[in-house]
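Peer 1: Provided herewith is a single structure, encoded as C-alpha cells, for subsequent inquiry.
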Amino acid sequence: MHLPLSEMYNEPDDRNVLDRMRQGVIGQPLDRPEGALKVSGQATYAAEWRIDGCVEGVLVLAEIAQGQVTAIDRDAALARDGVLAVIADPAMTRRSAQGMAAKAPQQDAAKVEYFGQPVALVVARTFEQARDAAVALRVDYADAAEPVPFDPHAPDVKVEAPSSSKPVEGGDLDQAMRDAAFSVDVEYDTPGHASAAMEPHATIAQWQGDSLILHGSYQMLAYNVKEIADCLGISPDKVRIIAPYVGGGFGSKLGITHEAVAAALAARELGRPVRVVMSRQQVFQTVMRRSETRQRVRLAADAGGRLIGLGHEALVSNLPGEKFAEPVTQATEFLYGGENRLLKVEVARISRLTAGSVRAPGEAVGMQVLEAAMDELAEKIGIDPIELRKRNLPATVPVQGTPYSSRMLTQALEQGAQAFGWSARQDRPCQTRDGDWWVGMGVASAARVNMMVPAQARVTLRADGSALVETDQTDIGTGSYAILGQIAGEMLGLPMARVDVKLGDSALPPGAGSGGSFGAISTGSAVLYACEEIRKRLAKILGCAAEELVLKDGTASHGDAAPRPLRDVLGGEDLTTTGKIKPGKTAKAFSQASYGAFFAEVGVHAFTGEVRVRRMTGVFGFGRVLNAKTARSQCLGGMVWGIGSALTEELAFDTRDGHLVNHDLAEYHVPVHADVPAIEVILLEERDAAASPLQAKGVGELGICGAAGAIANAVYNACGVRVRSFPLTLDKIVPSLPDPFAQTL
Ligand code: MOS
C-alpha cells in the first residue's frame, strides 16, 4: 500500500487512515484545550501584551467621502500634552487587501475614497492623550473632482463585470421560462453586513533593528506577513506576526488592516513599540463590509416539478478598482439542476468602505435568496418544499458535468424533517395560531464550497513520548487547537494530555490560516501527513511495516509483540518532521461542497408583525467530523447569524455622503440571547476522500449558508407575507398582515 505523502493532492486518499487508528480521540466532542485560559481571562489577545515602553496610537478617520488630504496641522497636535507623533503616510491610508490574493491597489498620497477612511495616526504616551489629540486634529481636504456615487442603484453608477468570477451560461433560459409549466421570476435585496467579531482589531508593533514584530489579531499569518512587508517595502523575512488567540474574525482579519500598518510606521519613526487599538466604531467604519446585494432569481420547472431553467443574477458593490466581488452565485452553480441557466454577478462602483469577505462570502446571502425563491416555486407547483429540492439534485454539475465528491443533502433534508417534526407543517399560510402569534415552519438547503489551500505543520514526537504540533495556523474561535491536537493524538496513539499544540506565530511552518472554512482540512491534512512520516520512522525502529504498527496510550506494538512505551522505543531521540499538502487535481476533478438542511419555526405577531424564531434544527454533512463539539459550535454560530441575517442585521449608509450610520453594536443588531431559541444541531457522518486525506470537508461557514432562507420561508408559512427584502423587519411585514382577529384564513 502506498503512502501518498506527495504534497499535491492529486488522487482521493481513500485509505481512511484515521479510522484505522486505535486511540479513539478523533471526532470526540472534546473541550478546546485553551478554553479555560479564555474564559478565565488568561489568554493574551492582541491589545493585551505588556511590552516595555509601549506608547499608544489612535487613528483619525476622514470626514469627507472623496477627495484629498491637503494639510494636517501637526504642530497643534504635537503641542498637546504627551503627544509624540502624527503619522500620515499613504501606506496606512491605502486600502488593505481585504481578501486572499487581492493585492492592495497603489494609491496616490492621502487620497480619500470613502467616509471614515483612516488618514492619520496620533501617537501619545497614554491612550487618553492620543484620543484627545486625534479628536482635535485639524485635517484639511479638497473634494474630489469626479466623485463616484454612494448608492449602488444610483442612475449614474458604473457597473462592471468583476475580474474574480465568470458568468455561467448554458442553453436558453428565456426559452425555458416560456416553456415552463411553473416559474418564478423574483428580485430580492439583502443588506450589507458587518463581521462584528468580538475582539476589535488591534496591533502592537515593535522593531528590533530592521526586523518588525507584530502582536495582532489576524486570520492568515503567512499571507499577512507578505502584506505587511509589501506595505512597508521590506522583505517578508523581516516580519514576524504573533497571534495565538484571535477573538473572532469572520473575514475581517483575513487581510491586514490600517491599524497594523499605522502601528508599524509609528514604531519605526519613534524607535519604540506602538499599540493601536481600533474602537468598535472604527472597526465598523474602516475594516470591511459585506456588500449589499440585489438578486434576480428565475426558476423554470416542468409539470413534474423538475427545473429546466435556473437564473441567478446579482448586483453587488465595491470601491473602484477593488477586485473582490461577493460571489453570490457560488453555490447556485452546483446545487440544483436546470441546464438552461444564467448565473452572473456584477459590481457597482461606489464610495462606501471596502467590501470584502464576510463569513461565507457568496453563499451567506446567495443561498438565503435562492432558498426563498425555491419556496416560492414549491408553492406554485403545490408540492412540499423538501420534495422539490430532492427532485432537483443533479447527477453531475449542470453545464460543467463535474461529478460530486459526496453530497448528504437528501439525508440532511430527511433526517431534519424527522427530527424537527416537519409533518406537522401546514401547506398553506395562516393555519396555525398561538395566542396573538401566527406560527409557521420553513425549510432551506445548506451548501458551501469546500476548499483546500497549501498548508504545512511540524510534528515532533518527543523523546519523553509526548507530541508537539507547530504551525502558524490561527484559532479564531473555531477550534484549531483542539482538532489539530486530536489528529496528532489519534495518529500517534497519545491521550490528549500528552499532545501540545502551538499556533499563531509566523515563525512556525505556514498553515492554511483561518478562512473560507479551509483551515481544519488543510492544516489538519499537513498534521496527518507529518504523523504518517513519524509512524514510518517508528515502524523502522521496531522493524515492522508502518501498516502493522499499533500506537495506543503512549505505547507501540506490532503483531504479537507486547506494547512498549514510546519513551523506550525512542531511546532518547525526538522524531520530527514537517507535513505538507497543496491542492491538486482532486480540487478540479470533483465538485466539493458541504451540505445540510435548516428547519425553522417562527411566530409572527398578528398585530405588530414582530417575528420571533421559536426553534430551529440544522442537519449537516461535511465529511468526517473532527470534533463533534467544536463542529457543532460552528454550525450553531452560523444559524445564529442566520437569525440576524433574516431579521435584524443591516448596515445603514447615509445617502448624502456614504458614511456608515449604525457603526456600533447598539445600532447594528446582531441577535442576542433573547433572540435565539433552542437550536438543535445534528451532525451526519460521512467520508469524503476527494476533499482531503482526513476525509473531512469544511464546516466553519456552513451553518449560515441558507439559514435565513428557512426563517423567511417560515414567516411566509406563518402569516402569508412574502418579504423580498432582508432583513424581515416588522415595518415590511405589518402592512401586508391579514386580519389579526381571524384565527385562521
Ligand atoms: Mo472567512 S469570510 O473566509 O473568514
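The values are calculated or read from the model by the stated rules, or taken from the named source; none is laboratory data. None of the values given here were measured: they were computed from a predicted structure. Neighbour counts are summed over all protein chains in view; Cβ atoms, including those assigned to glycine, are modelled from backbone coordinates with ideal geometry. Just so you know, the surface numbers come from the protein's heavy atoms only, side chains and all, with ligands and any DNA or RNA stripped out. Shrake-Rupley method; radii C 1.70, N 1.55, O 1.52, S 1.80 Å.
Peer 1: Quickly rank 176-183, 212-219 as a protection proxy: mean count of other C-beta atoms within 10 Å, highest first.
Peer 2: Numbers: 176-183: 17.8, 212-219: 26.8.
Ranked from most to least packed, the peptides come out as 212-219, 176-183.
Peer 1: As an exercise, use a Förster radius of 60 Å and the Cβ-Cβ distance of N16 and A79 to find the FRET efficiency, rounded to the nearest 0.05.
Peer 2: Efficiency computed from Cβ-Cβ geometry: 0.30.
Peer 1: Ok, one more. Based on the alpha-carbon gyration tensor of segment 8-49 and its eigenvalue square roots a ≥ b ≥ c, which shape applies: rounded if a/c is under 1.5, prolate if not and a/b is larger than b/c, or oblate?
Peer 2: Numbers: a/c = 5.86, a/b = 2.02, b/c = 2.90.
Because a/c hits 1.5 or more and a/b fails to exceed b/c, segment 8-49 counts as oblate.
Peer 1: Something else about it: Mind ordering 589-601, 524-536, 342-354 by average Cβ neighbours within 10 Å, highest first? The partial results should precede the final answer.
Peer 2: On the way: 589-601: 27.5, 524-536: 25.5, 342-354: 23.4.
Top to bottom by mean Cβ count within 10 Å: 589-601, 524-536, 342-354.
Peer 1: Once you have the Kirkwood Rh of the chain from its Cα pairs, apply Stokes-Einstein at 10 °C and 1.306 mPa s and quote D in µm²/s.
Peer 2: 59
Peer 1: Moving on. At R0 = 45 Å, how high is the FRET efficiency between N662 and T410 if r is their beta carbon distance? Nearest 0.05 is fine.
Peer 2: On the way: r = 40 Å, r/R0 = 0.90.
Calculated value: 0.65.
Peer 1: Over the chain, what percent of the accessible surface lies on carbon and sulfur atoms, probe 1.4 Å?
Peer 2: 49
Peer 1: While we're on this one: Solvent-accessible area of D302, probe 1.4 Å, all protein chains present, reported in Å² to the nearest ten, please.
Peer 2: Solvent-accessible area, nearest 10 Å²: 50 Å².
Peer 1: Based on the alpha-carbon gyration tensor of segment 281-417 and its eigenvalue square roots a ≥ b ≥ c, which shape applies: rounded if a/c is under 1.5, prolate if not and a/b is larger than b/c, or oblate? Mind dumping the intermediate values first?
Peer 2: Working: a/c = 2.15, a/b = 1.99, b/c = 1.08.
Note, shape of segment 281-417 comes out prolate.
Peer 1: Expressed as a whole number of Å, what is the distance separating the alpha-carbon centroids of segment 382-456 and segment 184-258?
Peer 2: 35
Peer 1: Given a 1.4 angstrom probe, what's the average accessible area per residue across the chain, in square angstrom?
Peer 2: Accessible area per residue, the chain: 36 Å².
Peer 1: Another one. Sort segment 215-319 into rounded, prolate or oblate with this rule: let a ≥ b ≥ c be the square roots of the eigenvalues of the Cα gyration tensor; rounded if a/c is under 1.5, and if a/c is not under 1.5, prolate when a/b is larger than b/c, oblate otherwise. Spell out each step's value before the answer.
Peer 2: Values: a/c = 3.33, a/b = 2.82, b/c = 1.18.
Note, shape of segment 215-319 comes out prolate.
Peer 1: Shifting gears a bit: Based on the mean of other Cβ atoms within 10 Å per residue, sort peptides 74-80, 495-501 so the most packed one is first. If you can, show how the numbers build up before the last one.
Peer 2: Working: 74-80: 14.4, 495-501: 18.0.
Highest to lowest by the protection proxy: 495-501, 74-80.
Peer 1: Can I ask one more? Here are some pairs, K540/K629; K344/K585; K502/K588; K502/K629; which of them have Cα atoms lying more than 29 Å apart in this structure?
Peer 2: From the list (K540/K629; K344/K585; K502/K588; K502/K629), the Cα-Cα distance tops 29 Å for K540/K629; K502/K588.
Peer 1: How do T410, T586 stack up against each other in accessible area, from largest to smallest, with a 1.4 angstrom probe? Write out the running numbers ahead of the final one.
Peer 2: On the way: T410 45, T586 5 Å².
Listed by decreasing accessible area, they come as T410, T586.
Peer 1: Would you list which aspartates and glutamates come within 18 Å of K380, measuring only between C-alpha atoms, while excluding same-chain residues fewer than 8 positions from it?
Peer 2: D179, D185, E187, D302, E371, D427
Peer 1: In addition: Where does the charge balance sit around D464 when Lys and Arg score +1, Asp and Glu -1, over other residues with C-beta under 10 Å from its C-beta? Spell out each step's value before the answer.
Peer 2: Details: positive: R462, R498, R567; negative: D574.
Local net charge: +2.
Peer 1: Estimate the FRET efficiency between L393 and Q208 by the formula 1/(1 + (r/R0)^6), using the beta-carbon distance for r and 60 Å for R0, to the nearest 0.05.
Peer 2: Numbers: r = 57 Å, r/R0 = 0.95.
With R0 = 60 Å, the Cβ-Cβ based efficiency is 0.55.
Peer 1: Starting from the Cα of K582, draw a straight line to each of the aspartates and glutamates and keep only those under 20 Å, dropping any in the same chain fewer than 8 residues away.
Peer 2: By straight Cα distance, K582 reaches E7, E11, D13, D14, E470, D472, E532, E533, D688.
Peer 1: Using C-alpha positions alone, give me the convex hull volume of segment 296-367 per residue in cubic angstrom.
Peer 2: Cα-based convex hull of segment 296-367, divided per residue, equals 82 Å³.
Peer 1: Subtracting the Cα-Cα distance from 0.36 nm times the residue separation, let me have the gained length for T44 to A562 in nm, one decimal. Mind showing how you got there, number by number?
Peer 2: Numbers: separation 518, 0.36 × 518 = 186.48 nm, distance 4.45 nm.
Computed gain between T44 and A562 is 182.0 nm.
Peer 1: Here's something else I'd like to know. Test of the criteria: in segment 643-745, which GluC sites (Glu not before Pro) are in a DSSP loop and have at most 14 other Cβ atoms within 10 angstrom of their Cβ?
Peer 2: E667, E685
Peer 1: Hey, another quick one. Tally Lys and Arg at +1 and Asp and Glu at -1 over the other residues with C-beta under 13 Å from the C-beta of A482: what net charge comes out?
Peer 2: Net local charge, A482 excluded: -1.
Peer 1: Counting only helical runs of four or more DSSP H residues, what would the 222 nm mean residue ellipticity of the chain come to if each run contributes -39,500 (n - 2.57) and the total is spread over all its residues?
Peer 2: Value at 222 nm, helices only: -7500 deg cm²/dmol.
Peer 1: Here's something else I'd like to know. Report the Cα centroid-to-centroid distance between segment 689-745 and segment 297-367 in angstrom, as an integer.
Peer 2: 18
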